[in-house]
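Laboratory data are not the source of any read-out in this text; all were calculated from the coordinates shown. Quick caveat, the model's predicted, so the values are computed rather than measured. Note: ideal-geometry Cβ built from the backbone for every residue, glycine included; neighbour counts use all protein chains shown.
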Amino acid sequence: NLLGEGGKMESIYNKMDKQLIFKIDEDIDECCVQKIRRRLDNEIERYMPKETIFDFSRVTFMDSAGIGLLIGRYKLINMIGGNVKIANINTSVRKIFEMSGILRIMPEVKNKNIQKMHQRGPSPLVLYSNNILLYFLNGLS
């Protein structure tokens with residue numbers, strides 16, 4: 001398991017658009033936030049994306065540690081000149097985002113925009129790095 005008991009995270013980088021998508025496949029709470037933070041920071045520092053999207057389609061629960069995690073990544077990405085968006089949030093996670101004000105600083109991307117990127121498909125090169133599956137879309141230069 002990539003992030004611990006039952007947890008996984010997929011990182012998808014689109015070189016042409018300098019877009020990094022994190023598909024988090026587990027609930028985000030105090031127990032796992034340190035592992036997730038290290039993975040996110042490694043990928044953000046590696047690619048220096050202009051746009052980062054956090055895909056919450058498989059996250060059913062998040063506590064205040066998850067909010068802190070997102071705000072920290074928001075600050076890091078803003079420092080390097082990028083922007084942050086969120087996608088595919090369910091009702092319970094949306095309530096937490098609304099109460100915390102996350103939706104005021106991180107706009108929500110609708111699911112079809114995320115799907116467009118996946119429809120392009122990965123290049124023939126698929127690499128494994130830091131135990132996170134990376135797809136290089138649009139090839140390498």
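Structural remarks
- Near LEU103: Cβ cut-off under 14 Å, other residues only, Lys/Arg at +1 and Asp/Glu at -1. The net charge is +3.
- Which listed pairs, of LYS50/LYS95; LYS8/LYS75; LYS23/LYS50, have C-alpha distances above 19 Å, in listed order: LYS50/LYS95; LYS8/LYS75
- Highest mean packing first, where packing is the average number of other Cβ atoms within 10 Å per residue, the peptides 61-71, 90-100 line up as 61-71, 90-100.
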